[in-house]
Structures are given as structure tokens and as C-alpha cells.
Amino acid sequence: MSKLKNKVAVITGGNSGIGFGIAEAFKNEGASGTITGRNEVTLNNAVAALKSDFIGIAGDVTKSEDLENVFKKTFDKFGKIDVLVVNAGGVVDGVPMADIENITEEGYDRYMDLNLKSSYFTVKKALPYLNDGASIILIGSSAAHRAAPGMAIYSAAKAAIISLAKGLSLDLLPRKIRVNTLSPGSIDTPVFGKLVPEEHLDAVKQMWIDITPVGRQGLPSDIGNVAVFLASDDSSFIVGTEILSDGGLTNIS
Ligand code: NDP
């Protein structure tokens, strides 16, 4: 049975990695809707690869007017929005993740804007268009629970997202809109190419495989499958909490 039949979803950052994996999983369960991203080439390629009713709308999640455009156009096209996946985030272009000695105040602001502020305002801008009873999934990270060198700001932003889901789910209770955080562990996506030079890529991925108890990196489809559950009525009693999909990474010291 299709778990998301007739559901309309918006997935920010659906043109790459985890967001695309979620879009594929949603499509396979009967959903349609919108994927977003700034890069129109990868966005068009992702829409073509989905071979479905999903459309692409370009936009920057740190810009309010772009967010409004995404939700208005989606609503105009599909007539409703049932599911919102707040996934765009991660690495800020041109600002490497760095330790406290090497990050500027502007770098701090840009990481917080992309990973925390944009999550809040993506939800806020979606609200006028979301159905009562909608499901909102915020993409967090195992980094909220597990420190790594040079990642303090990113980790703090992702930890705050877990609190956002708790607070927003209370704010939105009158509309029966559920908000939950889905936190991936190490997932094999293009983000690693943004974090480390090509010559170190294999070694870094191997390091993640070695320290993840199940002995592999996750796939975008691993996250997509959990997102289907959180988007569907199967999870109707799950409100304001976090689900980790990390192969056991946060269980080890
Ligand atoms: P990718 O780099 O593959 O994808 C990032 C996505 O975010 C792209 O679609 C990108 O599109 C979009 N994006 C980035 N900046 C902006 C912006 N300013 N406005 C709009 N869209 C933007 O990485 P992942 O798929 O790995 O990451 C997706 C999410 O998962 C992130 O929130 C990340 O923090 C989280 N995560 C990832 C983990 C991993 O191991 N991969 C682990 C834990 C969490 P475009 O460049 O076209 O704008």
C-alpha cells in the first residue's frame, strides 16, 4: 500500500544527497510536490531523475522572499501542502567548518543562519500554506550528540533544532501539525566533497565506516525510509521528538 498516496510534500535541498533520497522514497510511496535548491542545473536533473509529478523551485533558504515563493508556487500548483521536510543545510559555501581559533564572527553567523535560523523561518513561511494535521520533519544530525573537531557551531545549531521541534510542536498543537527531528549519522552524500579535498575523500569515508557500529555509511534511502514513516499517519502519535538514524554512531564513546 502507498503510505503517502495523494500527499503533497516540500523538501528543501531535494536536489542532492539526503533530500533527494527523501524525495525518491516519498515518490515511491505515492507523494508528489516540490524539491528545492539554489543550483538550477542539479535541480532540473533531480526533477528529471524522479520521473514523477515532483517539480523543482529554485531558492535560497536564507532568503525569506525565496521561501515564500516556494510555498506559494507549490500551493498554487497542488492546492495543499501535507508534509514539509526542512533538509537544506550543512556546509556554507566558501566558509570551511573550523575550530574557534579559525572562525570569524561572520562565519559563525552564516553557519547559524543556514542551519538554525533558516529551519525556523522555513517553518514560519510554510505555515500559511500547510494543512492542519501536516507533518514537519526537521533534519538534525548525530553531530548534535557527538562532538567532532572544528564542528562546534554546526553541532550547536543541530542541537538547537531538536529543541525547535519540541517547542514548535507545542505552538502548532492547535492545528494538529506534528514537528519532529530526524537526525542522520554519517550518510554518503556529496557533502563530503565539500568538507575534504578529493585526495582524502576515501580515507575520510573509511574512517566513518570504521567508527559506525553497523560497519557502513548510511545511504540517502536509509533516511528516506524513516522520513516516509514520520510523514505518514503511521507516526501520528510521535510529536516533538527526535529519531536518530545513525547505524549506532552515537552509542559509542
Ligand atoms: P548535500 O551537500 O548533498 O545537500 C545539501 C543540500 O542543501 C543541497 O540540496 C543544497 O542545494 C541545499 N542548500 C545548501 N545551502 C542552501 C541554501 N542557502 N539555500 C537553499 N538550499 C541550500 O548534503 P547532505 O544531503 O549530506 O545534507 C542534507 C542535510 O542533512 C543537511 O541539513 C545536513 O546538515 C544534514 N546531515 C547530513 C549528514 C551526512 O552525513 N551527509 C549527517 C547529518 C546531517 P544547493 O547547493 O543547490 O542550494
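Our helix-only sum for the chain, with -39,500 (n - 2.57) per DSSP H run of n ≥ 4 divided by its residues, gives a mean residue ellipticity at 222 nm of -12500 deg cm²/dmol.
The Cα atoms of segment 87-151 give a gyration tensor whose axes a ≥ b ≥ c have a/c of 1.5 or more with a/b greater than b/c, which makes the shape prolate. With the cut-off at 1.5 for a/c, could you classify segment 100-253 from its C-alpha gyration tensor as rounded, prolate or oblate? It comes out oblate by the Cα gyration axes. Once backbone amide H atoms are built at 1.01 Å from N, GLY218 has SER186, ILE187, ASP188 as its partners under 5 Å, excluding neighbours fewer than 5 places away on the same chain.
Residues of segment 131-160 falling in the label zone of MET207, defined by backbone nitrogen less than 12 Å from a point 7 Å along Cα to beta-carbon, are 148-151. Placing unit charges on the Cβ atoms of the charged side chains and taking the dipole of segment 8-251 about its Cα centre, the candidate lying farthest along the positive direction among VAL61, ILE223, PHE78 is PHE78. Computed from the C-beta positions of VAL41 and ASP99, the FRET efficiency with R₀ = 30 Å rounds to 0.35. Partners of LYS72 within straight-line reach, counting lysines whose Cα lies under 19 Å from its Cα and excluding those fewer than 8 residues away in the same chain: LYS7, LYS63, LYS80, LYS124, LYS125. Sparse packing (at most 12 other Cβ atoms within 10 Å of the Cβ) combined with a DSSP loop state is found for the following chymotrypsin sites (Phe, Trp or Tyr not before Pro) in segment 174-253: PHE237. Helices from the chain with mean Kyte-Doolittle at least -1.0 and a Cα length along the axis of 18 Å or more, per DSSP H: which? Span-like helices in the chain: 64-78, 152-171.
For VAL61, neighbours were defined as the other residues whose beta-carbon sits under 10 Å from its Cβ, and their charges (Lys and Arg +1, Asp and Glu -1) total +1. Answer rounded, prolate or oblate for segment 1-118, using the Cα gyration tensor with square roots of eigenvalues a ≥ b ≥ c: rounded when a/c is under 1.5, else prolate when a/b is larger than b/c, else oblate. Prolate, because a/c is 1.5 or more and a/b exceeds b/c. Beta bridges per DSSP, both residues in segment 8-251: antiparallel share near 5 percent. Charge tally around LEU164: other residues with Cβ under 15 Å, Lys/Arg +1 each, Asp/Glu -1 each, net +3.
Quick note: the coordinates plus some simple rules give every number you see, no bench work behind them. Computed from a predicted structure; not experimentally measured. Don't worry about glycine lacking a Cβ; one is built from the backbone with ideal geometry, like all the others, and counts go over all protein chains shown.
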